[in-house]
Amino acid sequence: MKKIVVVGGGAGGLELVTKLGNTFGKKKQAEVILIDRSHTHIWKPLLHEVATGSLDINNDGLNYRAHAAKHHYQFQLGTLIDVDPESQTLTLASLDDEKGHEVLPERTLPYDTLVMAVGSVSNDFGTKGVAEHCYFLDSHRQAERFQQALLNQFLRIHQEGVEGKLKLAIVGGGATGVELSAELFHVADMLKAYGMPEMSGKRIEVQLIEAGSRILPALPAHIASLAKQELTRLGVNVSEETRVVEAFDGGFYTAEDTTIEANLTIWAAGVKAPDFVAKIKGVETTRTNQITVRNTLQTTTFDNVYVIGDCCSCQQADGSFVPPRAQSAHQMASIVFGNIKASFLGEPLKDYTYKDYGSLVNLSRYSTVGNLMGNLAGGSMFIEGRIARFVYVSLYRLHLIAIHGWFKATVIMAAQKIGKVVKPKLKLH
């Protein structure tokens, strides 16, 4: 029986392995395996809510092993450290428990078809001190680590009284940095209801630092301008054309010889594929470790290795490259599923063409802005407010439908609504 291995259970990887399991695994036509280094899936665009405690992964996360049992694929917990396309094997690192005891040794697994969906990690561009002193939001583990530190800082300033201030500095004016900036004020205001009556957004100082000429460079300028206005209204100090050259325990140094002081520092500037990807023999990679693919999303050198999501470098007919977005991963998953199915039947494969359906930025409960249908009829439609918020939430619901099916996704959404009524609105531990 053929083995189809998908590495990475992010938005694209999980949607793909669900389709493969329901099609090939259910009929015993192939052995479908998902590999991920975590037990739990969370939709990556929601990580900033995990980081602030607005979202509790214990309630809103998906357990891979339970999901696998219902969708006819296998799940293996592990961290990929090497791929050998010539021998069609991949190597997983040894798995240790919290005390450093080995649970599983280093393992080698064979495959017939491999899909690389390992996502991306933050790119610190070699900036001094960042790895040691900054928090990242690449995974739910990192987001939860930041949430604990944030909660401790809120406890500190609450104890200090009304004069206590919490200073946060975020490097990176992309969607993650912008959304996190707004969410921090929302959380600070909500803490009033949980034993901190003097807490509010006025007790925090957030500085958003962007090296480029404006925040949200991937979005139209008028949307970025509107988002900046909203952030400024909230109290965020937006610093554009400001390049950080060093991080230290207490803030950042900039190229302009200024010091930005902060109790907590977050790095959300730039992404790259994991470093081990660049070491895979026989595949072409970019300087940000992305794997170069053909239009069919197969690697340029191996027909049985596909790449989707943030780790994929796919050039379009107009010379542009597919951006690292959740909608890209979703589209790629659909194409690769069809191409794997076609390859089994001996049919021709289809090329992937990225369709830009627009982008949305959610500024917590304060506002949502964005544009829709970017590639339809050569134009776009600007939206904001309640309509934009509805569309933003709908994207997450579509993801739930893709991985659970209509019925179960509807039940989950109903349960989440009920949960918001009976459970605390913040994760307080």
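Coordinate-derived values only; no laboratory data. The model shown is predicted, which means the values in this text are computed figures rather than measured ones. Here the Cβ positions follow ideal geometry from the backbone for every residue, glycine too, while neighbour counts run over all protein chains shown.
Calculate how steeply helix 140-160 sits against the longest principal axis of the alpha-carbon atoms of the chain, using the helix alpha-carbon long axis, and give the answer as 0 to 90 degrees to the nearest 10.
It works out to around 10 degrees.
In degrees between 0 and 90, to the nearest 10, how far off the longest principal axis of the chain does helix 385-404 point, with axes built from Cα atoms?
30 degrees
Per residue of segment 293-305, in order, report the coupling 6.51 cos²θ - 1.76 cosθ + 1.60 (Karplus, θ = phi - 60°) as ³J(HN,Hα) in whole Hz, putting x for Gly and Pro.
In residue order, the calculated couplings are 10, 7, 5, 7, 6, 7, 4, 5, 10, 9, 5, 9, 10 Hz.
Please work out the Cα convex hull volume for segment 1-126 and give it in Å³ per residue.
143 Å³
So for segment 1-75, considering every pair of alpha-carbon atoms, how many percent are separated by more than 20 Å?
Percent of Cα pairs beyond 20 Å in segment 1-75: 32.
Suppose only helical runs count, i.e. DSSP H with n ≥ 4. What mean residue ellipticity at 222 nm does that imply for the chain under -39500 (n - 2.57) per run, divided by all residues and rounded to the nearest 500 deg cm²/dmol?
One gets -10500 deg cm²/dmol as the mean residue ellipticity at 222 nm.
Angle, helix 326-345 long axis vs. longest principal axis of the chain, Cα atoms, 0 to 90°, nearest 10?
10 degrees
Once amide H atoms are placed 1.01 Å from N in the peptide plane, what residues at a sequence separation of 5 or more from V293, or on another chain, have their amide H within under 5 Å of its amide H?
S313, Q315
Take every Cα pair under 8 Å in the chain that's 6+ residues apart, average their separations, divide by the length, and report that relative contact order as a whole percent.
Relative contact order for the chain comes out at 16 percent.
Among 25-34, 182-191, how do they line up by average Cβ neighbours within 10 Å per residue, starting with the highest?
182-191, 25-34
Which one of K99, K19, K44 has the biggest mean-square fluctuation once the chain is modelled by GNM with Cα springs under 10 Å?
K99
What ranking, highest mean first, results for peptides 338-345, 167-174 when packing means the other Cβ atoms within 10 Å averaged over each residue?
Per-residue mean Cβ counts within 10 Å order the peptides as 167-174, 338-345.
Rounded to the nearest 0.05, what FRET efficiency do L395 and H222 have when you use their Cβ-Cβ distance and R0 = 30 Å?
Plugging the Cβ-Cβ distance into 1/(1 + (r/R0)^6) gives 0.90.
Based on the alpha-carbon gyration tensor of the chain and its eigenvalue square roots a ≥ b ≥ c, which shape applies: rounded if a/c is under 1.5, prolate if not and a/b is larger than b/c, or oblate?
prolate
Which of the peptides 322-332, 72-82 is most tightly packed, and how do the rest follow, going by the mean number of other Cβ atoms within 10 Å of each residue?
322-332, 72-82
What pairs from K128/K202; K44/K417; K279/K341; K3/K341; K281/K341; K19/K408 go past 22 Å between their alpha carbons?
Result: K128/K202; K279/K341; K281/K341 exceed 22 Å.
Based on the Cβ-Cβ distance of T89 and T410, what FRET efficiency does E = 1/(1 + (r/R0)^6) give at R0 = 35 Å, to the nearest 0.05?
About 0.30, to the nearest 0.05.
For the pair E160 and F344, what calculated FRET efficiency results from E = 1/(1 + (r/R0)^6), where r is the Cβ-Cβ distance and R0 = 45 Å, to the nearest 0.05?
0.10
Using only Cα atoms, locate the centre of segment 75-135 and the centre of segment 241-277, then give the distance between them in Å, rounded to an integer.
Their Cα centres are 25 Å away from one another.
Could you list the square roots of 5 times each eigenvalue of the Cα gyration tensor of segment 59-181, that is, the equivalent ellipsoid semi-axes, sorted largest first and rounded to whole Å?
So the three semi-axes of segment 59-181 are 37, 19, 16 Å.
Which of the listed residues, L297, T232, F248, is farthest toward the dipole's positive end in the chain, when Lys, Arg count +1 and Asp, Glu count -1 at the beta-carbon?
Result: L297.
Mind listing the long-range amide H neighbours of Y135? Cut-off is under 5 Å, sequence gap 5 or more, other chains count too, H placed in the peptide plane at 1.01 Å from N.
Amide H to amide H, under 5 Å and 5 or more residues apart or across chains, Y135 pairs with T265, I266, W267.
What value does segment 124-269 have for Rg/Rh, both radii from Cα atoms and Rh as Kirkwood defines it?
0.96
In whole Hz, what ³J(HN,Hα) sequence does segment 190-198 give by Karplus (6.51, -1.76, 1.60; θ = phi - 60°), x for Gly and Pro?
Result, ordered by residue: 5, 5, 4, 7, 10, x, 10, x, 8 Hz.
Across segment 163-176, in residue order, what do the Karplus-derived ³J(HN,Hα) couplings come to in whole Hz, using 6.51 cos²θ - 1.76 cosθ + 1.60 with θ = phi - 60° and x for Gly and Pro?
7, x, 10, 10, 9, 10, 10, 10, 9, x, x, x, 4, 4
Among P274, L155, I170, which residue has its Cα positioned farthest towards the positive end of the charge dipole of the chain, with +1 placed on the Cβ of Lys and Arg, -1 on the Cβ of Asp and Glu, and the dipole taken about the Cα centre?
L155
What residues from segment 95-109 fall in the zone where the backbone N is under 16 Å from a label point 7 Å along the Cα-to-C-beta line of K3?
Once the point is set 7 Å along Cα→Cβ of K3, 105-109 turn out to lie under 16 Å by backbone N, inside segment 95-109.
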